[in-house]
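The values are calculated or read from the model by the stated rules, or taken from the named source; none is laboratory data. If you're wondering where the values come from, they're calculated on a predicted model, not measured in any experiment. Glycine gets a Cβ as well: all are built from the backbone with ideal geometry, and neighbour counts include every protein chain shown. The accessibility values were calculated without ligands, DNA or RNA, using every heavy atom of the protein model including side chains. Shrake-Rupley method; radii C 1.70, N 1.55, O 1.52, S 1.80 Å.
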Amino acid sequence: MRILFVTSVSSSHLAPMVPLAWALRAAGHDVRVACDADTAPGALALGLAVVRVSTDGGFARRHRENVRGVPGEPYYREKDALTRMFAENALAMLGGLAALIDHWQPHAVVHEPVAFAAEAVAAARGIPALRHLWGPDVFGTPHGAWLRERARELVTAEVPGSVWPPSARELVVDPCPAPMQRLGPGEKVPIRFVPVDRPGTVPTWLLDLPEEERICVTWGTFTDGVPGGHPLMRAVRGLSRPGTEVVLVARPEDLARLGELPAKVRTVSGVPLHAVLPSCTAVVHHGGANTALGAVARGLPQLVVSDTFERALNGGRLAEAGVGLHLGSQDADPDAVEAAAQQLVTDDRYARAAAALQGQALTRPSPAQIASGFEELVARCSVPVESITEGA
């Protein structure tokens, strides 16, 4: 089969799909990744054949322009700013993606939730499409459901006659263990989350067990445009204390903004996060889905300091599952972060709950198992399939 994966906006949206793409490739299927200009470099670094279907690389710039960046106030300047950015990205991808699909004729499309161009073109061409989640289903929340419908409306306003698949009947590949998941539209197909990062060199000291407690701190890569950066930038100094070491995973440009750090804060850049976590006791992070599920896979308690709707959803679900704590950015002054981190590592209830959640995560079907039955999954897709030449 020819299988097209579609992603947009950020390579972090692609990362949860990569293990399935690799598994399908290893099973003998022909796999391509279609993406926009913003995502192409990261997609290439993740090791798959990439087709850039849009030259628009402006999402990061538009995002910086729309961030309000004031703690305690809405993250974006306007309510539908993010929705408009997703719609603009979809419109920029539509023509190139349609041309690629018409030329390559994939038997199936697998796309992440906000790759709206993928679901529109697949539906218009009658190609089976599967939505691949990156964590809790944002479309299972009132705000997420509104975001999806609003983005579709904005695309349809520019391209009258756009076709959209029926949300209730879609197949949804779900890497999120049940206690963390939020009920959303479609039929869930469980899959095991396998952490994927860009390649990097692992320092030898990370291979040894630490002599004291070690906390991993990271705030991801999407901090541009936020005055003062993520709240964890201001709190990280207070997390190191006697008996506790901090490993800070951050971009070089973020580390440069921090200046000198305490001796017990070790910094790494360009190191895969999944290579850092095995030696850690807990993780303090921004609430990104890849970080959250990566920590779940290692059985680690988590403190999430969120600054967006989706990250707050992830942090809230982790807290409800008992594996961690969640602070909104407006409540995340350095003292509050330090107190929450101490609670996380001193109360063993979080470690026990994290170990239980890890067990549930690791019993989900592997990407190889999903790949072995992928043709049957495609046959179950509700979108009528037009005749496509067999073979890769």
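Quick look at the numbers
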| quantity | calculated |
| --- | --- |
| Unpaired by the 4.7 Å Cβ criterion, cysteines found in the chain | Cys35, Cys176, Cys381 |
| Relative contact order (%) - criterion: Cα under 8 Å, at least six apart; region: the chain | 18 |
| Pairwise label distance in nanometres, Glu260 with Leu44, each label 7 Å out on the Cα-Cβ vector | 4.0 |
| Percent RCO, i.e. relative contact order, over segment 249-334, from Cα pairs under 8 Å lying at least 6 residues apart | 21 |
| Estimated inter-spin distance, Trp205 and Trp146, nm [label 7 Å along Cα→Cβ] | 4.8 |
| Evaluated at q = 0.17, 0.22, 0.23 Å⁻¹: base-10 log I(q)/I(0), Debye formula over Cα of segment 280-365 | -0.59, -0.98, -1.06 |
| Computed over segment 87-229: relative contact order in percent, which uses C-alpha pairs under 8 Å that are six or more apart | 20 |
| Hydrodynamic radius (Kirkwood) for segment 123-254, which is based on Cα pairs only, to one decimal in Å | 19.1 |
| For Val110, residues with placed amide H under 5 Å, excluding near neighbours | Leu4, Phe5, Val6, Leu130 |
| Dipole in debye (nearest 20) - the chain, about Cα centre, beta carbon charges: Lys, Arg +1; Asp, Glu -1 | 180 |
| Centre separation in Å (Cα based) which lies between segment 251-292 and segment 109-164 | 33 |
| GNM top mover of Met17, Met233, Met180 - the chain, alpha-carbon springs below 10 Å | Met233 |
| Principal semi-axes in Å for segment 209-366 [√(5λ), Cα gyration tensor, largest first] | 22, 17, 15 |
| With 5 Å bins from 0: P(r) over segment 227-319, alpha-carbon pairs, percent | 2, 13, 24, 24, 23, 11, 2 |
| Viscosity 0.890 mPa s, 25 °C: Kirkwood-radius Stokes-Einstein D of segment 144-205 over Cα pairs, µm²/s | 162 |
| Kirkwood hydrodynamic radius over Cα pairs of segment 19-68, then Stokes diffusion coefficient at 37 °C and 0.692 mPa s, in µm²/s | 266 |
| Computed lengthening from Ser269 to Arg241, 0.36 nm per intervening residue step minus Cα-Cα distance | 7.8 nm |
| Bins of 5 Å, starting at 0 and running to the largest distance - Cα pair percent for segment 1-151 | 2, 10, 19, 22, 21, 14, 7, 4, 2, 1, 0 |
| Spin-label pair Arg234/Ser366, simplified geometry with 7 Å Cα→Cβ offset, distance in nm | 4.6 |
| List Thr291, Thr156, ordered by accessible area with a 1.4 Å probe, largest first | Thr156, Thr291 |
| Extension reserve of the Arg251-Gln343 stretch, reckoned as 0.36 nm per residue once the Cα distance is removed | 30.4 nm |
| Spread of Cα-to-Cα distances over 10 Å intervals beginning at zero, given as percent, for the chain | 5, 23, 33, 25, 11, 2, 0 |
